């Protein structure tokens with residue numbers, strides 16, 4: 001599948017919101033190879049939209065990768081790998097970033113393993129889960145936290 005990459009615009013908000021909700025949580029997320037549906041019940045945030053991510057510049061030579069979603073019906077087709085690679089290239093080229101960081105819920109073992117296969121390492125640092133910031137939902141467990149992963153670009 002040929003992908004086109006571009007920055008999001010305000011007009012993209014509805015389809016991005018729909019994609020993120022379908023990929024992360026709810027019944028449609030179960031069509032993909034990984035889901036948070038059994039961990040969090042929350043609304044996390046054009047039909048042609050198949051993937052999205054957040055790439056942010058951080059202090060010094062660090063960048064952040066997050067809010068990553070691929071349409072559940074298209075997961076395991078190489079799209080995620082392309083999006084991640086493009087995000088890494090963007091951070092390195094545009095900002096001179098040397099390290100990409102991300103936070104992943106610790107129970108997402110299959111997802112953490114996927115990132116490790118792409119060169120990320122578990123730092124041992126943990127970040128608290130934002131229980132008080134959930135939108136229209138609640139955590140389904142009280143032991144959630146984020147594992148911090150990083151990769152040298």
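The values are calculated or read from the model by the stated rules, or taken from the named source; none is laboratory data. These figures come from a predicted structure and were not determined experimentally. Here the Cβ is made from the backbone with ideal geometry for all residues, glycine too, and neighbour counts use every protein chain on show.
Okay, here's what the table says:
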| read-out | value |
| --- | --- |
| Verdict on residue 43 being part of a loop (DSSP other than H, G, I, E, B) and either at pLDDT below 85 or closer than 26 Å to residue 14 by Cβ (or both) | yes |
| Identity of the residue in the range 66-82, within 21 Å of residue 152 (Cα to Cα) and over 10 Å from the mean Cα position of the chain (by Cα), that ends up surrounded by the fewest Cβ atoms within 10 Å (Cβ to Cβ) | 81 |
| In the range 91-133, the residues that are surrounded by 12 or more Cβ atoms within 10 Å (Cβ to Cβ), closer than 26 Å to residue 8 by Cα and more than 16 Å from the chain's Cα centre (by Cα) | 92, 95, 96, 97, 98, 99 |
| Among (1) surrounded by 13 or more Cβ atoms within 10 Å (Cβ to Cβ); (2) closer than 26 Å to residue 7 by Cα - the single one residue 140 does not satisfy | (2) |
| Number of the exception - residue 63 against (1) part of a helix (DSSP H, G or I); (2) farther than 20 Å from residue 19 by Cα | (1) |
| In the range 74-104, the residues that are part of a loop (DSSP other than H, G, I, E, B) and modelled with pLDDT under 95 | 75, 76, 77, 78 |
